[in-house]
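The values are calculated or read from the model by the stated rules, or taken from the named source; none is laboratory data. On a predicted model such as this, the values are computed, not experimentally measured, just so you know. Glycine also receives a Cβ, built like all others from the backbone with ideal geometry; neighbour counts cover every protein chain displayed.
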Amino acid sequence: MRASFNNEALAVAPRILGLGDRDPASPTYGCWHRDFWRYLTADFPCAWFQAAALYLARLYRLPDQTNRFAGREAVRDWALAAVDYTLKIRHKDGSLDEAYPFERSFCATAFGLYWLTEARRLLGEGATADLARTGRWLLRHPLVEASNQMAAAAAGLAALARLTGEDKWRQGAESLIERLLATQDEAGFFPEYGRPDLGYLSLTLALLDEIFVLWPDRVLKEALTKAGAFLEERVGENGRLDPAWSGRGTQYLFPSGLARWAPGALARLVEGLAADEAIRPSWLDDRYVIPLAADYLAATEKVLE
């Protein structure tokens, strides 16, 4: 099972590397939005592509004999370049853009903080005031109705608390978690704009699992157990997702949270990968292949066999 996620994550490494500007002499060194830095067909760098920072950090750290990128200093340099470029393209208030210039996207900022902070931690880099700026923006921003984005904000603040040792970030993360848990439906799902969505629920589960590993908590455990049971019942043969339960139309699963909370669903996903039926990272477009592949790398650490 571990080998399945390992192989899928490594298979897209050359493609993901090809999306990034890896020339240290370039003014856009560390940008992973190829349409912006290479083709000049985008007016601004979309922060969503900067998930490469976390993917590359995990790739560098993955101790597997099949991973030819493990321990390569060039990979470490590119990961840190992705972090630095993301910090460079933020607004002064610490926020990031995803869909259009000056958007100040909650989604991109929440995930961005998580990606950057985790990448720096995995690579043995310390905290910086720049990361705190993004943390403060998230604490000030109104809440959103997308549970996966709320979970990302909480995971980012929790990661920042671990990196800095500052209690204010933990308090912020715990506040977001409390509000998120209050929205959990009795059936077990966390709503996405008022509806269940299996794919986004697997992402929410993956993010909250990162927090649970850091701060084990009975209430959070109960919520994750309930969410995992919801997925167990609705992820079909070969990892198929019932459209009736995917209000936002997702058809892919993030595996790392399933390992602990929905092992049956995880096993069906692995069967689907072997049967060439489950959606794998390589099937996704450039925008989404990076974060899904990064979670596949996380799954290789959580699945023991």
Tell me which residues, restricted to the range 278-305, are part of a loop (DSSP other than H, G, I, E, B), in contact (Cβ under 8 Å) with a residue 60 or more places away in the chain and surrounded by fewer than 16 Cβ atoms within 10 Å (Cβ to Cβ). Leu304, Glu305
Please go through the range 84-118 and give me each residue that is under 11 Å from the mean Cα position of the chain (by Cα) and aliphatic (A, V, I, L, M), ordered by number. Ala108, Ala110, Leu113, Leu116
Select, from Ala52, Ala57, Ala74, the only residue that is surrounded by fewer than 18 Cβ atoms within 10 Å (Cβ to Cβ) and among the aliphatic types (A, V, I, L, M). Ala74
Filter result for the condition that a residue is without any contact (Cβ under 8 Å) to a residue 40 or more places away in the chain, in contact with a strand residue (DSSP E or B) (Cβ under 9 Å, 6 or more places away or on another chain) and more than 17 Å from Ile290 (Cα to Cα), over Glu145, Glu73, Glu103: Glu103
Of the residues that sit in the range 192-207 and are out of contact with any helix residue (DSSP H, G or I) (no Cβ under 6 Å at 6 or more places or on another chain) and not in a helix (DSSP H, G or I), which one is surrounded by the most Cβ atoms within 10 Å (Cβ to Cβ)? Asp197
In the range 249-281, which residue that is among the polar types (S, T, N, Q) and touching a helix residue (DSSP H, G or I) at 6+ places or on another chain (Cβ under 6 Å) is nearest to Asn148 (Cα to Cα)? Thr250
Subset tally (residues that are among the hydrophobic types (A, V, I, L, M, F, W, C), closer than 19 Å to Val219 by Cα, part of a helix (DSSP H, G or I) and more than 19 Å from the chain's Cα centre (by Cα)) for the range 129-187: 2
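Confirm whether Leu201 is of a type in the set (A, V, I, L, M) and under 12 Å from Trp245 (Cα atoms).
yes
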In the range 246-305, anything touching a strand residue (DSSP E or B) at 6+ places or on another chain (Cβ under 6 Å) and either among the polar types (S, T, N, Q) or modelled with pLDDT under 95 (or both) is listed as Ser246, Gly247, Arg248, Thr250, Gln251
Is it the case that some residue within the range 140-149 is over 22 Å from Lys302 (Cβ atoms) and touching a Gly at 6+ places or on another chain (Cβ under 9 Å)? yes
Please list, ordered by first then second residue, the pairs with beta carbon atoms under 7 Å, 6 or more apart or interchain, first in the range 25-44 and free of Cβ contacts under 8 Å to residues at least 24 places away in the same chain and hydrophobic (A, V, I, L, M, F, W, C), second surrounded by 15 or more Cβ atoms within 10 Å (Cβ to Cβ) and part of a loop (DSSP other than H, G, I, E, B). Phe36/Phe44; Phe36/Pro45; Trp37/Asp21; Trp37/Thr28; Trp37/Cys31; Ala42/His33
Which fully enclosed helices (runs of 4 or more DSSP H) of the range 208-277 have 3 or more residues being surrounded by fewer than 15 Cβ atoms within 10 Å (Cβ to Cβ)? 218-234, 263-274
